[in-house]
Structure formats: structure tokens, C-alpha cells
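Presented below is the structure to which this report refers.
The values are calculated or read from the model by the stated rules, or taken from the named source; none is laboratory data. Every value quoted in this text rests on a predicted model; they were computed, and no experiment measured them. So basically every Cβ, Gly included, is an ideal-geometry build from the backbone, and we count neighbours across all protein chains shown.
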Amino acid sequence: MTTSIKTNTSLNQEALYKALEADLEKSRGAKTYKIEVPIEGEQGGEVTVAGRKVVMLASNNYLGLSNHPRIREAARKGLEKYGFGMASVRFICGTQTIHKQLEERLAKFLGVEDAILHSSCFAANEAFFTALFSGDLGMSDYRDVIYSDKLNHASIIDGVRLSRIAVKTTDARPYDHNGIDQLSQMLAEDESKDYRIKVIATDGVFSMEGDVAPLPELIALSKKYGALLFVDDSHSTGVLGATGRGTAEHQNVFGQIDVYTGTLGKALGGAAGGYIAGKKELVDYLRQKSRPYTFSNTVPPPIVAAAIEAINILEEDNSLVERSRENTAYFRREIVNLGFKILAGSHPIVPVMLGEAAIAQDMSRLLLDEGVYVRGLWYPVVPKGEARLRVQISAAHTKEHLDQALAAFQKVGKKLAVI
């Protein structure tokens with residue numbers, strides 16, 4: 001007879017804090033510790049850090065709207081007319097006329113029937129999966145399945161995980177990044193399983209890569225196998241497409257996406273807030289079942305008013321979209337001419353590939369010394385050995401900004417023997 005010995009692995013408070021600090025020190029030693037660099041003043045193509053101006057290449061402010069005069073004025077008027085906050089959730093007393101107006105404008109802009117606001121796109125993604133897969137919809141014996149691109153945003157991954165924790169009837173089927181052939185094979189293999197709900201989930205633009213999901217092929221598969229196509233277009237709405245309507249417009253399949261999620265915190269003003277958009281029945285269901293919607297304060301009125309104005313600006317003309325596109329093409333061409341390796345594409349996200357985390361962190365620090373603010377990304381945010389600087393180009397940049405940044409990249413790249 002064997003006797004098992006239970007090992008005490010509990011940590012008291014003092015031991016816990018020591019363990020936390022040891023783990024942090026390990027990150028510092030490996031140069032993977034994330035350091036926040038405060039900006040003194042407003043966001044823009046150029047910002048102030050430690051008392052001096054530097055070119056900003058790390059912001060999601062793709063259209064330069066985060067401090068656009070019309071956006072600031074709209075936020076000011078929203079504050080004066082509707083107040084600072086509602087101090088409530090939507091279904092109690094947290095809904096104003098402008099909240100409904102913004103939802104209607106978003107739905108029309110995206111080519112769908114309705115939209116629902118959330119505090120962030122992270123919350124929206126979690127809300128979609130947990131709400132949709134938690135209801136039995138009048139069925140007692142069923143299974144559901146989510147096919148998810150392996151490079152999807154963390155919020156989609158967490159949404160899938162939470163939905164599977166909430167109920168034990170959902171299968172997760174991750175497929176290789178943009179792996180259409182593999183996904184097609186999975187869907188064909190699973191036809192015999194008679195799933196109740198099938199969802200194909202993908203980013204529209206992948207935030208670490210700057211590449212685009214193959215929406216035409218995904219639409220064809222979703223129709224063939226009766227799946228909902230879910231697209232998080234956070235990095236694309238306002239950026240891609242002739243009129244800034246996102247990845248679907250960019251690929252000539254506008255109006256064919258089942259479910260969108262997105263954010264107001266990037267191109268559409270750059271503050272906060274997210275949304276889910278799609279069929280009216282789905283949106284109505286989420287208003288009843290989405291816990292992040294039901295139990296979170298409503299989006300503040302100044303942000304809502306500013307987001308409406310951002311859509312107004314986009315619908316009036318394409319000048320900011322075109323300027324963002326021109327700036328991106330120029331930077332992509334010139335950074336390659338300097339000898340740097342980047343991931344191909346046309347999006348304002350330009351990954352400058354460096355390989356090791358230590359190099360990315362050192363280069364980010366030295367570039368800041370040279371007047372350029374750009375951040376390094378490394379494992380676990382990206383795969384091991386694929387550390388990079390994620391450059392993000394904006395319509396707020398002038399050619400002088402970009403040339404200053406390119407000169408700094410050349411100087412630091414040579415110093416670190418990257419080029």
C-alpha cells in the first residue's frame with residue numbers, strides 16, 4: 001500500500017509578494033519587462049516626452065482624429081449638453097438619445113441592421129461569445145463550435161475560453177493563421193457532428209502582423225457550411241477601404257459580413273468604447289443576454305458625441321483615409337530601402353522584424369533617444385524569435401515626421417548592426 005504525501009504549496013502574503021517580485025526581476029533580466037513612457041500632453045503625430053518633442057509611431061490614431069478640432073468640439077458640446085457620465089447601465093437609466101443615434105450610425109456605416117455599444121471591444125468580444133453560446137434557445141441536446149484563427153486578438157481568445165467555461169457544450173477549433181485550406185477541411189470533417197451554432201471568428205486586420213483576413217474565402221466557407229462569420233475590424237474600420245469602411249470594403253465584399261465587432265478607441269476618435277454590429281435579432285438578443293452590457297456603465301456622453309462626429313468626418317470626404325494610405329506607402333517603401341525587413345502589406349501597422357526581444361527593447365529605447373517613440377513587441381505577444389517594432393503610421397504625420405523617423409531608424413539600425 002502506497003501513501004501519497006501532500007506537498008504544501010500555499011503562499012502566505014510575504015512569500016507571495018517575494019514570488020511576484022522574483023518573476024518581475026526575471027522579466028527585467030530578460031529584457032521583456034514592459035516599460036510605460038508617459039506622454040506630456042495630447043496624442044498626435046508628434047508628442048512630448050520628458051520635455052521634448054518626438055515623432056509618435058506607436059499609436060492607433062490612424063486618422064489623426066484623437067485631437068482633431070472637430071472631435072474636441074463635439075466632445076465639449078456633448079459634455080455640456082449630456083453631462084460627464086450617466087452613473088448607470090443602459091437598461092436602468094444609462095441610455096441617452098445619442099447612444100441610440102451612434103448605434104444607428106455605426107450600423108449604417110458598416111452595412112448591417114443594428115449595433116450595440118460596449119465599454120470596449122475587449123468587452124464586446126467577450127460579450128458576444130459568452131452570450132450567444134450560453135443560451136439553450138429552446139434546445140436540450142446540442143453542441144456548438146467556434147473556428148478561430150490562431151493569431152486572433154486576445155479578446156477573441158478570452159471570449160472563446162469564457163464561453164467554454166460558462167457552458168460545456170462548445171468546442172473550440174483553432175486554425176492556422178489565414179489557413180483557408182485547413183479551415184475548409186475542418187468544416188467538412190465536422191458536418192457529420194450536426195453542430196447547433198457554428199462561428200468562424202477572425203480579426204479583419206491582425207494587430208501584430210498588419211495583414212488582412214481573406215474575407216471572400218471566409219464568406220464562401222461560412223455560406224457553404226452554415227456558419228456565422230464574425231470579424232473584429234478594430235484596426236480596419238476608418239482605415240481600409242475606399243471610404244474607410246474596413247476590411248470588407250477593402251476586399252469588395254461590403255455588406256456580406258454576419259457579425260462585426262470594433263472599437264471607438266482607434267481610428268474613430270481614439271478614446272474608448274466598442275460595439276457589436278449585425279442582424280437586428282442578434283443585437284436585440286445581446287441587449288438581453290450580454291453581461292458586460294447589462295452590468296457595466298454606459299459609454300460616457302462626450303465619447304459618444306465625438307464618435308458620431310468621427311463618422312460625420314469620414315462620410316463627408318476621404319482625405320484623411322487617403323493621407324493615411326499615402327503616408328503608409330511612403331514609410332513602407334523607404335524603411336525597406338534602408339535595409340530593414342518588414343512584413344508585407346498595405347496597412348498602417350508596419351512590423352519591423354528584429355528577431356530577439358532584447359534587440360527590440362534596445363532599439364525602442366535608442367530610437368526614443370533619437371526623437372522617435374515606437375514600441376517593441378516580443379513573446380508571448382508574438383511568437384518566440386519574431387520580436388519586432390510595431391510601427392503605426394497616421395494621417396497626422398507630415399513627410400517631415402516620417403523622414404525624421406527614417407533617419408533615426410537608419411542611425412540606430414546601424415549602431416545595433418540590424419542593417
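Among the candidates V199, V231, V239, single out the residue that is touching a Ser or Thr at 6+ places or on another chain (Cβ under 9 Å), part of a loop (DSSP other than H, G, I, E, B) and not assigned by TED's automatic domain parsing to the domain that holds W378.
V239
Being modelled with pLDDT under 95, among the basic types (K, R) and assigned to a loop (DSSP other than H, G, I, E, B) is a condition met by at least one residue of the stretch 134-151. Annotation: Y260 fulfils all but one of (1) farther than 22 Å from S148 by Cβ; (2) aromatic (F, W, Y); (3) out of contact with any Lys or Arg (no Cβ under 9 Å at 6 or more places or on another chain); the unmet one is (1).
Mind listing just one residue for me: the one in the stretch 260-281 that is surrounded by fewer than 21 Cβ atoms within 10 Å (Cβ to Cβ) and not small (G, A, S) and, of those, nearest to L137 (Cα to Cα)?
Going residue by residue through the stretch 260-281, those that are surrounded by fewer than 21 Cβ atoms within 10 Å (Cβ to Cβ) are 272, 279-281.
Those still in the list that are not small (G, A, S) too: 279-281.
Values: K279: 17, K280: 17, E281: 13 Å.
Only one residue fits best here, namely E281.
When you look at S59, is it part of a loop (DSSP other than H, G, I, E, B), within 23 Å of F409 (Cα to Cα) and within 21 Å of the chain's Cα centre (by Cα), yes or no? Outline the logic, then answer.
Numbers: part of a loop (DSSP other than H, G, I, E, B): yes; within 23 Å of F409 (Cα to Cα): yes; within 21 Å of the chain's Cα centre (by Cα): yes.
So S59 fits the description; yes.
So in the stretch 362-381, with the set limited to residues that are aliphatic (A, V, I, L, M) and in a strand (DSSP E or B), which one is nearest to the chain's Cα centre (by Cα)? If we take residues in the stretch 362-381 being aliphatic (A, V, I, L, M) and in a strand (DSSP E or B), then L377 is nearest to the chain's Cα centre (by Cα).
So which residues in the stretch 189-203 are over 22 Å from the mean Cα position of the chain (by Cα) and within 22 Å of Q256 (Cα to Cα), if there are any at all?
Once the filter is applied, which keeps residues that are over 22 Å from the mean Cα position of the chain (by Cα) and within 22 Å of Q256 (Cα to Cα), the stretch 189-203 yields R196, I197, K198.
Residues of the stretch 92-145 that are among the basic types (K, R) and without any contact (Cβ under 8 Å) to a residue 60 or more places away in the chain: K100, K108, R143. Residues in the stretch 382-419 that are among the hydrophobic types (A, V, I, L, M, F, W, C) and either part of a helix (DSSP H, G or I) or touching a Gly at 6+ places or on another chain (Cβ under 7 Å) (or both): A387, L389, A395, A396, L402, A405, L406, A407, A408, F409, V412, I419.
Looking at the stretch 322-329, is at least one residue crowded, with 16+ Cβ neighbours inside 10 Å, more than 20 Å from the chain's Cα centre (by Cα) and at pLDDT 95 or above? Can you show your working first?
Kept after step one, since they are crowded, with 16+ Cβ neighbours inside 10 Å, are these residues of the stretch 322-329: 323-325, 327-328.
With the extra rule that they be more than 20 Å from the chain's Cα centre (by Cα), the set shrinks to 323, 327.
Now restrict to residues that are at pLDDT 95 or above: 323, 327.
The answer is yes, given that some residue of the stretch 322-329 is crowded, with 16+ Cβ neighbours inside 10 Å, more than 20 Å from the chain's Cα centre (by Cα) and at pLDDT 95 or above.
Starting from residues that are assigned to a helix (DSSP H, G or I) and modelled with pLDDT under 95, keep the ones in the stretch 162-188 and report whichever is surrounded by the most Cβ atoms within 10 Å (Cβ to Cβ). Among residues in the stretch 162-188 that are assigned to a helix (DSSP H, G or I) and modelled with pLDDT under 95, the one surrounded by the most Cβ atoms within 10 Å (Cβ to Cβ) is S163.
If you go through the stretch 288-306, how many residues are aromatic (F, W, Y) and either under 17 Å from L106 (Cα atoms) or touching a helix residue (DSSP H, G or I) at 6+ places or on another chain (Cβ under 7 Å) (or both)? Show your work before the answer.
Let us first name the residues in the stretch 288-306 that are aromatic (F, W, Y), namely 293, 295.
Within this subset, residues satisfying the condition of being either under 17 Å from L106 (Cα atoms) or touching a helix residue (DSSP H, G or I) at 6+ places or on another chain (Cβ under 7 Å) (or both) are 293.
Counting residues in the stretch 288-306 that are aromatic (F, W, Y) and either under 17 Å from L106 (Cα atoms) or touching a helix residue (DSSP H, G or I) at 6+ places or on another chain (Cβ under 7 Å) (or both) gives 1.
Which of the residues belonging to the stretch 374-417 are surrounded by 22 or more Cβ atoms within 10 Å (Cβ to Cβ) and farther than 21 Å from E46 by Cα? Across the stretch 374-417, the qualifying residues are W378, A387, R388.
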